[in-house]
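The values are calculated or read from the model by the stated rules, or taken from the named source; none is laboratory data. Keep in mind the model is a prediction, meaning the values are calculated, not measured. So basically every Cβ, Gly included, is an ideal-geometry build from the backbone, and we count neighbours across all protein chains shown.
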Amino acid sequence: MRNAYKLIAGNSVVTPIGIAIAIILAMTLRGLLGQWVGAVYVAVLLCTLVAATMEPVQ
Amino acid sequence: MNPWVAGGTTFIASALEFVEAATIVLAVGYTAGWRVALTATACALAVLVVLTGLLGPALLLYVPLRDLQIAIGIFLTLFGYTWLRKAIWRYSGRKALRDEDAAYAAEIEELRRHEQRFAFATAFNAVLLEGLEVAIIVITFSVGRFGTFVWALGGALIAGLLVAVSAALLRAPFSRVPENAMGFIVGIMLLSFGTFWSGEGLGVQWWYGETTLLWIVLLYVACSLLLIIARKQTQAVR
């Protein structure tokens, strides 16, 4: 299980959390923001990338 | 999706994975004998063919396309983050560049301390694990599009063949492959496709349809380059 997690997510804590936040935001704001929800979705994933590179080196 | 993009991305990703597997198979071949190394490789490939043969069609037949888009998009995004942040760490000097010569020497040192069974397990695990990554990428790139599957599989097979032939001819680890640059490109592509597909599955209406993918790629490239520059400057100050 641990090896599978390392293979897929590289033992990152930040990336699954970031993806979960992006999905929740996209689902809840879809009706409210219309096409702008795509921008929010990409922005959250970009922030996740920045945060992921700040994690300790694996 | 453009078939060249699918074929090209799986080609680069597969080449990188096969180079890592080939380094270990070569080390096993030189220390424990070629019979063990090649038998282990053949067994791992057989397991891979059975696994992907069962998994691929089952996914396409039993899971709705929209759910599959979300699941695969998330999978690709996670995979992309792993590849890309490793490349960013290496470019910015936080992590050492992968040295195939050093990996090869370490593998030989380890193998000399163990017996034949360990050598078989080492080669088997290496080929199975790296091959599994390739299989995941090929399957995820092909969902719902048979034409893309042919290109994605073709890219992986050509990469595997090239690495196998080069390994047989060189009989030495591939120390001159620009692994980090290739990892950077693959990371960007996986992350971009993952973002695009998972968004599509979640009902996001992309502004420019499929062309939005290009903008997502450019955004990730720009963000990664900025991160590398920023990290390098931080390292220099320290």
Suppose the filter is surrounded by fewer than 23 Cβ atoms within 10 Å (Cβ to Cβ), closer than 14 Å to B:Ala123 by Cα and at pLDDT 85 or above; does B:Val47 pass it?
yes
Scope region B:87-105; condition facing another protein chain (nearest Cβ under 7 Å) and assigned to a helix (DSSP H, G or I); matching residues:
B:Ile88, B:Trp89
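For every residue, the table says whether it meets (1) touching a His at 6+ places or on another chain (Cβ under 7 Å); (2) over 19 Å from B:Ile137 (Cβ atoms); (3) assigned to a helix (DSSP H, G or I).
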| site | (1), (2), (3) |
| --- | --- |
| B:Gly187 | no, no, yes |
| B:Val204 | no, yes, no |
| B:Thr212 | no, yes, yes |
| B:Leu218 | no, yes, yes |
| B:Ser224 | no, yes, yes |
| B:Leu227 | no, yes, yes |
| B:Thr234 | no, yes, yes |
Select from region A:17-47 the residues that are closer than 23 Å to B:Leu227 by Cα and facing chain B (nearest Cβ under 7 Å) and list them in ascending order.
A:Ile19, A:Gly38, A:Tyr41, A:Val42, A:Leu45, A:Leu46
